[in-house]
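Trainee: Please see the structure below; I have some questions.
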Amino acid sequence: MRYAFLVAWREYAENARTKGFWIGIFLLPMILFLSGYVPMLLERKGRPTRHFVLADQSGQFEKTIEGALEKRHQRRVLDALRDYAKKHAQPQDPAAARSTAGKRDALEELGEPGPDAVDRFIRRGGREFYLREIESRLKPGAPKFEEPKRQLQRVPVPADLRSGSDLSVLAQALKPYLRGEKKIDADGHPAGLFAAILIPADVERQIVRPGLPGPSTNSSPGGIEYWSSNLADDNLRDEVREAINAEVRRREYVTRGMDLALIAQVEGTRVPFANLNPKKEEGQEKVSGTDVLRQWAPVAFVYLLWIAIFSIMQMLLNNVIEEKSNRIIEVLLSSVTPGELMMGKLAGIAAVGLTMVGAWVLSLIGILAWKAGAQSEVAGQLYSVVRTSNLLPAFVIYFFFGYLMYAALILALGSVCNTLKEAQNYMGMITMIMTVPLLTMMFIPKDPNGTLATALSWVPLYTPFIMMNRAAADPPLFDLVGTMVLLIGTAVGALWMAGKIFRIGVLRAGQPPKLVELVRWLRRKE
Amino acid sequence: MTTSDPILELRNVTKFYGDFKAVDDVSFSLPRGCIHGFLGPNGAGKTTTIRMILEIIKPTSGTISVLGRASALEVRGRIGYLPEEKGLYKKMKAWSVIAYFATLKGLSRPAARRRAFELLERYGLKDFAEKPTDALSKGMGQKVQVLAAIAHDPEFVILDEPFSGLDPVNQQVMEEIIRDMAARQRTVLFSTHVMQHAERLCDRILLIAKGRKILDGTLAEARRTIPRRVQIETADDIAPIRELSEVLSVSRLEGNGAAEGEGAPSRWELKIRESADPQSILQACFAKGIRLRSFNQSEPTLHDVFVHLVGPEAKEASFR
């Protein structure tokens with residue numbers, strides 16, 4: 001035992017000293033954190049102001065578009081102001097609340113969600129009003145509120161292009177700007193032109209009215225032209241299109257003599273739709289965001305499990321090959337038995353893997369707990385899912401047995417190959433076999449106890465991943481226990497075979513053995 | 001166990017790899033406190049024998065006892081081993097490799113560490129103690145590996161080809177290491193192809209070929225296994241000498257240069273029985289009236305012994 005421990009300790013110490021180990025430990029939480037945080041950050045700070053030109057020869061939609069974009073901007077101002085208030089303003093103390101009874105608290109009103117929040121915000125007087133209201137309650141040292149930059153900024157058409165009345169000529173003339181070859185003037189600064197919106201004078205005649213004579217839906221496009229070389233960022237296009245279409249419909253209602261107020265009422269009609277789960281307790285069947293997350297969270301754990309097992313398999317393989325190709329193995333075997341060596345390796349590398357996975361899980365929980373506050377609803381829900389469900393214990397168990405099974409394969413493989421290159425060929429096959437649970441990972445939560453999921457669960461190589469995948473769906477006890485027994489049996493069997501192959505393989509030089517030869521090794525008696 | 005017990009004893013050891021007989025009924029025993037040379041052509045079964053001694057592989061039949069025990073692993077702390085193919089953990093520091101192997105041999109961690117630095121200093125590698133082993137030259141790496149094999153001060157050291165790949169200076173260091181150990185009453189068994197090393201270092205020789213033991217004994221005994229050679233130079237007829245019972249064969253040596261011709265002296269090489277005394281040949285020459293211009297007796301070298309005993313096998317292509 002002492003010798004197995006010494007081997008394990010060296011494996012652990014040497015692997016824990018490598019850069020790869022530490023990069024591995026930090027990379028995953030970092031990626032998780034960044035992938036959640038960066039888009040948010042970019043959304044808020046990084047997105048550049050998009051400059052566009054608008055040429056409305058019909059003169060009908062200029063106001064509509066500007067109004068829509070202004071509202072969009074005010075929504076962002078509102079969001080920013082909410083964040084600002086949450087961070088820097090103190091909630092009203094109860095005494096003050098009583099004294100001002102009847103009057104609504106501005107801060108409360110600001111935080112109130114709902115579809116008409118923006119309209120109310122604008123009606124009330126926008127940021128000036130609210131800033132004045134909360135001024136007295138700002139914590140000492142609070143910074144000044146910074147209004148977010150306008151994301152979509154209209155700029156005038158360059159002066160030298162204004163003369164022409166033909167839109168196709170204008171479009172041609174704008175092309176160098178749109179392609180980035182020329183800069184446009186935006187408030188005295190040169191800026192790239194993001195898009196051009198060209199509305200023809202006869203746009204009225206091009207409106208498609210189903211059921212009425214006029215241009216049919218499949219005639220030539222015509223209509224409003226949106227020019228941009230950026231196909232990915234479609235915010236402006238969608239905003240403008242929605243605004244114009246809403247306006248066109250509004251006018252249509254009016255021309256056809258319909259009551260706008262009535263229509264608004266009709267459009268607001270809805271029936272409540274409850275999402276219920278029969279598996280939940282009586283009276284609490286209502287499905288919350290947490291429940292949805294609970295069903296999908298296993299996917300994250302499957303992925304984590306996969307990465308963990310895969311990366312320590314690589315570690316183990318490198319390690320065995322190094323000892324074998326350097327013939328260090330001979331010195332080792334003059335000091336320890338093959339059994340002790342194998343056990344030491346398994347334990348040492350398992351400890352490396354556990355350290356890594358432990359660090360991941362801890363940092364995941366850490367990030368979630370940190371973000372779980374008022375700031376992120378999703379993080380809070382995830383946090384509670386991880387804390388309250390059986391996912392973590394399941395993860396640890398499946399990691400342990402899955403690791404043993406795959407490690408046995410790797411020990412056997414490593415012991416019969418002489419170089420890493422040779423081993424990589426076989427490793428490729430193992431990797432290919434291993435990708436199946438990654439491919440099915442996203443489908444299984446949709447039908448967690450279906451045929452595919454059940455069948456794959458009974459393939460020992462996939463059991464840890466698929467059962468982890470199904471963990472939130474209460475798989476039948478028969479599946480749960482049966483696959484576990486099969487998995488443990490397979491792991492033990494694989495280790496036994498690996499032991500036999502290992503003790504012969506490690507001392508062998510030359511070509512990897514043929515399958516027949518391997519079988520002979522397995523049947524050899526000591 | 002007394003000190004007169006053999007440190008290693010093999011009885012009728014045979015090893016098959018599949019159908020291939022790598023070691024064929026080998027028996028020998030090594031007395032304590034000597035330097036033993038383990039010789040044999042490529043593929044003779046040296047490495048297999050060593051692996052069996054160390055219990056890395058098991059013999060197909062026969063018994064091995066090391067330090068009086070049936071299992072080398074029972075006494076692993078008292079045995080040191082340097083394998084034929086040399087290699088170290090590339091990323092480990094020189095001292096920690098030595099210390100690691102020493103702990104596997106039973107030393108405590110602090111003792112192993114102390115010992116590693118001590119050895120590195122003694123053999124001139126002090127400055128490289130903290131270097132990863134892949135930063136060392138091949139010779140240095142090999143020295144580190146030898147030090148790792150002997151760090152726990154074993155009673156019995158087995159070195160498989162310790163000299164291969166070393167430059168002459170490092171070969172000398174290697175010899176020094178081996179002599180140091182012998183001076184402290186340790187038993188050393190080393191295999192080599194270089195007969196000069198064996199000749200300089202060994203007290204005893206063990207020679208195997210094609211898996212069979214050919215020879216086992218002291219250096220002098222080894223030399224006695226092949227006919228001694230005497231060279232004489234004379235212009236007279238040497239027929240009387242041919243008839244001597246001690247003389248096994250007579251052959252004329254070529255290349256006497258300008259003196260060739262009638263009446264010119266010729267050089268002859270006589271092979272004489274191992275037991276015969278070259279002096280008796282000299283006396284016989286006087287007695288028969290053969291006038292000698294020169295008489296030269298030479299001890300056979302280990303090289304001669306090797307070539308004589310295993311020459312034909314050694315020439316065969318290595319079969320493993």
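Trainee: Specify which of the listed residues (B:G45, B:G37, B:G33) is over 22 Å from A:I328 (Cα atoms), at pLDDT below 90 and of a type outside the set (A, V, I, L, M). Steps first, answer last, please.
Mentor: Values: B:G45 fails: over 22 Å from A:I328 (Cα atoms); B:G37 fails: at pLDDT below 90.
Being over 22 Å from A:I328 (Cα atoms), at pLDDT below 90 and of a type outside the set (A, V, I, L, M) holds for just one of B:G45, B:G37, B:G33, which is B:G33.
Table: residues versus (1) at pLDDT below 85; (2) surrounded by fewer than 13 Cβ atoms within 10 Å (Cβ to Cβ); (3) not acidic (D, E).
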{"position": "A:Y130", "(1), (2), (3)": "yes, no, yes"}
{"position": "A:A142", "(1), (2), (3)": "yes, no, yes"}
{"position": "A:Q153", "(1), (2), (3)": "no, no, yes"}
{"position": "A:D166", "(1), (2), (3)": "yes, yes, no"}
{"position": "A:N218", "(1), (2), (3)": "yes, yes, yes"}
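Trainee: Of these, B:I56, B:I50, B:I64, B:I35, which one is within 10 Å of chain A (Cβ to nearest Cβ) and touching a strand residue (DSSP E or B) at 6+ places or on another chain (Cβ under 8 Å)? Working first, answer last.
Mentor: Working: B:I56 fails: touching a strand residue (DSSP E or B) at 6+ places or on another chain (Cβ under 8 Å); B:I64 fails: within 10 Å of chain A (Cβ to nearest Cβ); B:I35 fails: within 10 Å of chain A (Cβ to nearest Cβ).
None of the other options fit; the residue is B:I50.
Trainee: Now a separate question. Run down B:L159, B:L107, B:L88, B:L119 and say which single residue is surrounded by 15 or more Cβ atoms within 10 Å (Cβ to Cβ), hydrophobic (A, V, I, L, M, F, W, C) and more than 13 Å from chain A (Cβ to nearest Cβ). Step through it out loud before you land on a result.
Mentor: Working: B:L159 fails: more than 13 Å from chain A (Cβ to nearest Cβ); B:L107 fails: more than 13 Å from chain A (Cβ to nearest Cβ); B:L88 fails: more than 13 Å from chain A (Cβ to nearest Cβ).
After ruling out the rest, the residue left standing is B:L119.
Trainee: Something else: Could you tell me whether region B:156-167 includes any residue that is over 21 Å from B:S27 (Cβ atoms), of a type in the set (A, V, I, L, M, F, W, C) and modelled with pLDDT of 90 or more? Explain how you work it out, then say what you get.
Mentor: Step one: filter region B:156-167 for residues over 21 Å from B:S27 (Cβ atoms), giving B:157, B:159, B:161-167.
Among the residues that remain, those that are also of a type in the set (A, V, I, L, M, F, W, C) are: B:157, B:159, B:163, B:166.
Keeping just the survivors that are modelled with pLDDT of 90 or more gives B:157, B:159.
Taking every residue of region B:156-167 in turn, at least one turns out to be over 21 Å from B:S27 (Cβ atoms), of a type in the set (A, V, I, L, M, F, W, C) and modelled with pLDDT of 90 or more.
Trainee: Also, I was wondering about something else. Look through region B:45-78, keep the residues that are in contact with a Gly (Cβ under 7 Å, 6 or more places away or on another chain) and crowded, with 18+ Cβ neighbours inside 10 Å, and return whichever of them is farthest from B:A22 (Cα to Cα). Don't jump to the end; show me each part of the working.
Mentor: First, the residues of region B:45-78 that are in contact with a Gly (Cβ under 7 Å, 6 or more places away or on another chain): B:45-46, B:77.
Add one more test, that the residue is crowded, with 18+ Cβ neighbours inside 10 Å, and what stays is B:45-46.
Details: B:G45: 6, B:K46: 9 Å.
Among those residues, the one meeting the criterion is B:K46.
Trainee: Report yes if A:E330 is facing another protein chain (nearest Cβ under 10 Å), out of contact with any Asp or Glu (no Cβ under 7 Å at 6 or more places or on another chain), of a type in the set (D, E, K, R) and without any contact (Cβ under 8 Å) to a residue 12 or more places away in the chain, otherwise no. Before you say what the answer is, go through the steps one by one.
Mentor: Working: facing another protein chain (nearest Cβ under 10 Å): yes; out of contact with any Asp or Glu (no Cβ under 7 Å at 6 or more places or on another chain): yes; of a type in the set (D, E, K, R): yes; without any contact (Cβ under 8 Å) to a residue 12 or more places away in the chain: no.
So A:E330 fails the test.
Trainee: So, in region A:302-327, exactly how many residues are away from chain B (no Cβ under 14 Å), of a type outside the set (V, I, T) and surrounded by 22 or more Cβ atoms within 10 Å (Cβ to Cβ)? Give the steps one after another, and end with the answer.
Mentor: Here is the first cut: in region A:302-327, the ones away from chain B (no Cβ under 14 Å) are A:302-314, A:316-317.
Now restrict to residues that are of a type outside the set (V, I, T): A:303-306, A:308, A:310-311, A:313-314, A:316-317.
Those still in the list that are surrounded by 22 or more Cβ atoms within 10 Å (Cβ to Cβ) too: A:305, A:308, A:313, A:316-317.
Residues flagged as away from chain B (no Cβ under 14 Å), of a type outside the set (V, I, T) and surrounded by 22 or more Cβ atoms within 10 Å (Cβ to Cβ) within region A:302-327 amount to 5.
Trainee: Using the structure shown, decide if B:Y81 is among the aromatic types (F, W, Y), within 14 Å of chain A (Cβ to nearest Cβ), surrounded by fewer than 23 Cβ atoms within 10 Å (Cβ to Cβ) and under 19 Å from B:A112 (Cβ atoms). Before you say what the answer is, go through the steps one by one.
Mentor: Values: among the aromatic types (F, W, Y): yes; within 14 Å of chain A (Cβ to nearest Cβ): yes; surrounded by fewer than 23 Cβ atoms within 10 Å (Cβ to Cβ): no; under 19 Å from B:A112 (Cβ atoms): yes.
When the stated conditions are applied, B:Y81 does not pass them.
Trainee: Assess whether A:Q375 counts as being surrounded by fewer than 20 Cβ atoms within 10 Å (Cβ to Cβ), under 29 Å from A:M1 (Cβ atoms), modelled with pLDDT under 90 and away from chain B (no Cβ under 14 Å).
Mentor: Numbers: surrounded by fewer than 20 Cβ atoms within 10 Å (Cβ to Cβ): yes; under 29 Å from A:M1 (Cβ atoms): no; modelled with pLDDT under 90: yes; away from chain B (no Cβ under 14 Å): yes.
So A:Q375 does not fit the description; no.
Trainee: What helices (runs of 4 or more DSSP H) lie completely within region B:25-142 and have 1 or more residues being more than 25 Å from the chain's Cα centre (by Cα) and among the hydrophobic types (A, V, I, L, M, F, W, C)? Quick ask: steps written out before the conclusion?
Mentor: Working: elements: B:46-53, B:94-104, B:109-122.
Passing ranges, in order: B:94-104, B:109-122.
The values are calculated or read from the model by the stated rules, or taken from the named source; none is laboratory data. Since this is a predicted model, take the numbers as computed values, not measurements. For neighbour counting, all protein chains shown are included, and Cβ atoms are generated from backbone atoms with ideal geometry for every residue, glycine included.
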